[in-house]
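Structure record follows, encoded as structure tokens.
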Amino acid sequence: MAEPYFGGAQAGGTAPSDCTAFLQWALPRLGLRWAGYRKVRGQVCKRLRRRLSALGLADLVAYREHLDRDAAEWRILEGLCRVTISRFYRNRGVFDHLRAEILPALCGYLRQDGASRLRCLSLGCCGGEEPYTLALLWRLDLARRCPDMTADILATDSDPASLARAARGCYGAGSLKDLPPEWKAAGFEAEHDLYCLRPEIRRNVRFLEQDLRAALPAGPFDLVLCRNLAFTYFDEAGQRQTAERLARLMPPGGILMLGKHERLPAGTPGFEAVSAHRAIYRRGGDIAE
Ligand SMILES: C[S@@+](CC[C@H](N)C(=O)[O-])C[C@H]1O[C@@H](n2cnc3c(N)ncnc32)[C@H](O)[C@@H]1O
């Protein structure tokens, strides 16, 4: 993929590969890892180009100098580094498995304990695609099989623009391309060229602006989705810290789903793999406080 052009390279300024070099320098300083960004850097590079233009800076060398002078700019850079890519029913096989195996078993387990509520958390929920997928899955399928239970879904993200999209609940066709077709009709109303979620699907989903590295909602949660965020973009210390904090948020028997290509750091206490190739873990016994 060609990288966005920065500054005045054509007039003797920076080379196109400067965005990669810049990110390799800046990301570790933000507790983030370049390896996670390699394939999706285009989105971040585009935002950086806009930021340079807003600041009237010629290139990323000047931007580094600006970061040296103004510590507050690091917070802005952190915001520019959020990868906001998502879609409904992302990684179909994973959601099929959740629907067919994991959720019915989890409901059965909770029922034995006398519970009537499945408490779900979606971290890094982007524009709502992931928690609403869970809501669709529950409403259009699981609710029939677990009629004695309800599902409450809390979804958090640190990006206000993504949360505003989630609050609108309207999406282009591309966001729905992996969704079972019958769910599109059952879950959405067409409005011009957008698909808007029906109110009954949105009802049990709540959104909260929160930086996962600073805070987590008060638990406990029986099902936690932390996909394509901490275990792709955070550095190793951040990943370990996140895994430990998630373990404290979940009761034994709770289910943690990561992104399809993500794994918990080796030796993370408190979790056992349920399905290694789908990155699904079960919360085991207690971990030391
Ligand atoms: C690549 S998207 C993943 C969306 C969804 N979980 C999925 O897998 O389709 C990552 C999301 O995490 C959010 N994010 C990034 N850093 C975060 C942080 N420190 N705390 C909370 N959310 C964060 C971004 O704003 C973005 O919406």
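Some observations on this one:
- Qualifying residue in region 186-193 (condition: surrounded by fewer than 16 Cβ atoms within 10 Å (Cβ to Cβ), out of contact with any helix residue (DSSP H, G or I) (no Cβ under 6 Å at 6 or more places or on another chain) and over 26 Å from residue 141 (Cβ atoms)): yes
- Count of region 161-195 residues, restricted to those that are over 13 Å from residue 131 (Cα atoms) and in a loop (DSSP other than H, G, I, E, B), is 7.
- Residue pairs meeting the criteria (Cβ under 8 Å; at least 6 apart or on separate chains; first of a type in the set (Phe, Trp, Tyr), in region 252-280; second assigned to a helix (DSSP H, G or I)): 271/243; 271/247
- Test: residue in region 81-102 that is over 26 Å from residue 179 (Cα atoms) and either out of contact with any strand residue (DSSP E or B) (no Cβ under 7 Å at 6 or more places or on another chain) or in contact (Cβ under 8 Å) with a residue 40 or more places away in the chain (or both): yes
- Candidates are the residues of region 138-160 that are in a helix (DSSP H, G or I) and either of a type outside the set (A, V, I, L, M, F, W, C) or in contact with a strand residue (DSSP E or B) (Cβ under 9 Å, 6 or more places away or on another chain) (or both); the one that is nearest to the ligand (Cβ to nearest atom) is 160.
- Scanning region 210-225 for residues that are more than 11 Å from the ligand (Cβ to nearest atom), over 15 Å from residue 257 (Cβ atoms) and in contact (Cβ under 8 Å) with a residue 12 or more places away in the chain gives 217, 219, 220.
- Qualifying residue in region 193-200 (condition: of a type in the set (Lys, Arg) and either modelled with pLDDT of 95 or more or not assigned by TED's automatic domain parsing to the domain that holds residue 228 (or both)): yes
Residue-by-condition table, conditions (1) of a type outside the set (Lys, Arg); (2) farther than 21 Å from residue 162 by Cβ:
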| position | (1), (2) |
| --- | --- |
| 189 | yes, yes |
| 214 | yes, no |
| 221 | yes, no |
| 225 | yes, no |
| 237 | yes, yes |
| 240 | no, yes |
| 254 | yes, yes |
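- Screening residue 41 with (1) over 22 Å from residue 160 (Cβ atoms); (2) modelled with pLDDT of 95 or more gives one miss only, at (2).
- Scan of region 226-246 for residues that are within 12 Å of the ligand (Cβ to nearest atom), touching a residue at least 60 places away in the same chain (Cβ under 8 Å), over 13 Å from residue 280 (Cβ atoms) and not in a loop (DSSP other than H, G, I, E, B), ordered by number: 230, 232, 233, 234, 238
- If the condition is being under 21 Å from residue 181 (Cβ atoms) and among the aromatic types (Phe, Trp, Tyr), then region 103-143 contributes 132, 138.
- On the stretch given as region 247-289, residues that are more than 16 Å from residue 230 (Cα to Cα), of a type in the set (A, V, I, L, M, F, W, C) and within 16 Å of the ligand (Cβ to nearest atom) total 1.
The values are calculated or read from the model by the stated rules, or taken from the named source; none is laboratory data. For clarity, every value in this text was computed on a predicted model and none was experimentally measured. All Cβ positions, even for glycine, are placed from backbone atoms using ideal geometry, and neighbour counts span all protein chains on display.
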